[in-house]
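Notes to accompany the following structure.
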Amino acid sequence: MKLDTLNTTLTSLFFRTKNDKDWTAEYLSESCLKLTGYTSTDFTKKRIHLGHLILEEDRDRVWNTIQEALANKQTFYLDYHIKHKNGNLKSLHEQGQGIYDKNSTIIAVERFIQDVSEEKKTDLQRIQNTTEKLSNYAEELENTVQERTNEFKYIVQKLTESNLNLEDQIQETRIAESKVLHSKFLLENISHNFPKGFVIVFDLNFKIILVEGEEVIDWGFKDTEDVRIILDDILGLTETAKEKIKLNIEETLKGKHCSFEIEFNNQCYLVNTTPLMNLENKIEQILMVYNNITLQKNVELEILNTLKKEQELSELKSRFISMASHEFRTPLSAILSSAILIEKLNAPGKEDKRLKHVSKIRSNVKNLVVILNDFLSLSKLQEGKVIAQPSLFDLIDFSKSIVEEMESVKKSGQAIHLKCEAPKIDVFLDHKLMQHVLFNLLSNAIKYSEEGKTIVVKIKIENDHVFIAIIDEGIGIPKEEIEHMFQRFYRANNTTNIEGTGLGLNIVKQYTELMGGTIKIESILNVGSTFNIQLPLKMI
């Protein structure tokens, strides 16, 4: 056979059907179609098999030869006849072999077919020549088949490797997805259970896109889906707090980390902000962490109050020492001097002088007692040991007894008048606290008034309250100092030469308030002062 005859070689790739001897053609060359007279549609759509075209007497032989060669993984050679579509017979020569996977399972059969009808009609010499050429061609064809088989095996190997790599990538992807899901779950769990506060994320338009934490509901968020709320819509948040939040968000948008405190629904929160970047490293959102520090604030306030009380006690001690060194020295010196003089005035006829010194001793002792009582009262008030214990008594008779008691300490020519339209006023107040209040105010009126001046005590009832006014004609209080007169140890500038501790009015104010009342001062310098007390008729 001439070499150009190879161009008419018919090549087909066949796959075996389930249980018959037919071979379904997956590919047929144009020469094969020309050889059979059928079209590719006949083979693919009408399901015509090449086995149908082989003459019946050749079919078993062809089938058995192919099966034996495939079983032994050998190349098979066949000569047989087929029936052309037009009815003519064709003599064919075929060579082929199986293609196997890595498990040695046959997956395809590659067949090469030649039309040898014309050669059969020539003389024996030509048949021999053709046979020799066919043998050479067969060898060449076998090499080609082997090359193609190797190429096919290489492709299968590459596909297998690709498949393994793909499986590895899929496994790595699954592991990565699992890690991402775990991280997401962990983040959601942390944010959802954020203790004593919550975390919140704002976008660039001040809209909330995420909010999670224990106190989310306290801020008006019903659930985690209720997040598209503008900052201005949060109820209960003051305008000042909103402006502070916006200001810090704007600072955070500049890349700053901010920390500030705000109040909401009587709760104090420490807020920390941080910018959140996108993939382009640009600020896209703001993370804000709200921590409820109300308890810490209360503890801090309690500590500050305790420290303040300790400082006040220290100041009280310091002032007491300073004041005592002065206020105690004067009356004690006077008492000592009077005692010495009394000792020397033992002769008859000097009784009046002795009585004068005894009175002086009595007066100074009383002053010392007042000072000590003031400090004792202040100490009890500071420790919270003074509790109002009301009882029922007549305020008019009570006030008269106080006025009579003050007769022994008033200055020469001074007069105390009690004025009240009602003959009797029953009150339910603390008897001891009222005694201290009236005694202290009347003592001040006497102390800061000159001899011969009048002191008036007015009492009246309005509705469920009793009003008491202590009016004197004394030195008065400078206008700018009136508001400071109830402070501890405070004394007006015009009382420098008059003895006193500066504690009396502070104690009076606290005692009045313990009984549910108030006290106010009206004063004109060098004219006099009026102390107005308002008390309930009955303590609740």
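The values are calculated or read from the model by the stated rules, or taken from the named source; none is laboratory data. Since the model is a prediction, treat every value here as computed from it, not as a measurement. Reconstructed Cβ throughout: ideal geometry from the backbone, glycine too, with neighbour counts over all protein chains shown. All accessible areas refer to the heavy atoms of the entire protein, side chains included, with ligands and DNA or RNA removed. Shrake-Rupley method; radii C 1.70, N 1.55, O 1.52, S 1.80 Å.
Below is a table of values for the structure above.
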read-out	value
Theoretical FRET efficiency, 1/(1+(r/R0)^6), r = Cβ-Cβ of His52 and Tyr77, R0 22 Å, to 0.05	0.50
FRET efficiency for Gln169 and Thr65, using Cβ-Cβ distance with R0 set to 45 Å, rounded to 0.05	0.45
Length released on extending from Ile524 to Ser104, taking residue separation times 0.36 nm less the Cα-Cα span	138.8 nm
Extension gain, Glu451 back to Asn532 (0.36 nm per residue minus Cα-Cα distance, nm)	26.8 nm
Charge sum, other residues only, whose C-beta stays under 11 Å from Tyr100's C-beta, Lys/Arg counted +1 and Asp/Glu -1	+2
Given Lys385/Lys410; Lys308/Lys385; Lys353/Lys411; Lys308/Lys479; Lys380/Lys400; Lys256/Lys308, the pairs whose alpha carbons are separated by over 26 Å	Lys385/Lys410; Lys308/Lys479; Lys380/Lys400; Lys256/Lys308
Net length gained if the chain between Gln382 and Asn129 were fully extended (0.36 nm per residue, minus Cα distance)	77.5 nm
Coil-residue GluC sites (Glu not before Pro) of region 399-468, DSSP, other Cβ within 10 Å capped at 14	Glu421, Glu450, Glu451
Net charge of Cβ neighbours under 12 Å - reference Gly452; Lys, Arg +1; Asp, Glu -1	0
Pairwise FRET efficiency - His257 versus Ile540, Cβ, R0 = 51 Å, nearest 0.05	0.45
Probe 1.4 Å, all protein chains present, accessible-area order of Val358, Val109, largest first	Val358, Val109
Estimated vicinal HN-Hα couplings, Hz - region 154-161 in sequence order (Karplus 6.51, -1.76, 1.60; Gly, Pro = x)	4, 5, 4, 4, 4, 5, 5, 4
